[in-house]
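The values are calculated or read from the model by the stated rules, or taken from the named source; none is laboratory data. Predicted, not measured: the structure shown is a model, and the values here were computed from it. Cβ placement follows ideal geometry from the backbone for every residue including glycine, while neighbour counts extend to all protein chains displayed. The area values use the complete protein model at the heavy-atom level, side chains included, leaving out ligands, DNA and RNA. Shrake-Rupley method; radii C 1.70, N 1.55, O 1.52, S 1.80 Å.
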Amino acid sequence: MGKDISDRRSDIGLTRMLPGQADVLYELIHKEKAVLVAPFSAEARTEQELLSSYRLLTNNHPVYWEDLLLQVKACYPHIQLLPVTQVEIAKRFIEEGLGVSYLPFSMVKKEVENQTLSVISQQKIIRPSSHTYIVTKGETEETKQFKHFVAEILTETS
């Protein structure tokens, strides 16, 4: 995202990673904890039961998985992993009973309300944080309005 803004292919962007380009502006507009998400119908209701009976769907967030996997493997060394790089696909896999994952709550709020996914309280694993940044080339009235709009939406979903 930072490269697209830097190269002027885009005017504004949202990203979960800090941009590496020195010539762009970025601002943290939302921070939240990821939650352990399971199928709504899952009989296992604890972190240990879930991580012992389901595959852990990984790599669906660009920042927190490296540290999170170290933690998970230390607590649950026999965990089975399945990399799924897109949140929407991870959610569908979870709904179908193919695994569980740690996802930002804003990404699963609707499914939790519709009772297709469940949030499971964590016992051993420290919940990772997810950050959302807005990236621009410069501050304009339009970018200010967009930042305000996105921040409101993200706050409502947390």
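Evaluate the following for Val100: is it of a type in the set (A, V, I, L, M), buried (at least 19 other Cβ atoms within 10 Å of the Cβ) and more than 21 Å from Thr155 (Cβ to Cβ)?
Values: of a type in the set (A, V, I, L, M): yes; buried (at least 19 other Cβ atoms within 10 Å of the Cβ): yes; more than 21 Å from Thr155 (Cβ to Cβ): yes.
Here the answer is yes, as Val100 does meet what is asked.
Can you confirm whether the range 20-32 contains a residue that is among the polar types (S, T, N, Q) and under 23 Å from Ser101 (Cβ atoms)?
Initial filter on the range 20-32 (among the polar types (S, T, N, Q)): 21.
From what's left, under 23 Å from Ser101 (Cβ atoms): none.
No, the range 20-32 has no match at all.
Could you identify the single residue in Thr85, Thr140, Thr116 that is in contact with a Phe, Trp or Tyr (Cβ under 8 Å, 6 or more places away or on another chain) and open to solvent by 50 Å² or more (accessible area, probe 1.4 Å)? Don't jump to the end; show me each part of the working.
Numbers: Thr85 fails: in contact with a Phe, Trp or Tyr (Cβ under 8 Å, 6 or more places away or on another chain); Thr140 fails: in contact with a Phe, Trp or Tyr (Cβ under 8 Å, 6 or more places away or on another chain).
Answer to the check: Thr116.
How do the pairs read when you match residues in the range 90-114 that are within 19 Å of Thr46 (Cβ to Cβ) and at pLDDT 95 or above with residues anywhere that are open to solvent by 10 Å² or more (accessible area, probe 1.4 Å) and not aliphatic (A, V, I, L, M), using Cβ under 6 Å and keeping only pairs 6 or more apart or on different chains?
Final answer for the pair search is Gly99/Tyr54; Gly99/Arg55; Gly99/Phe93; Val100/Tyr54.
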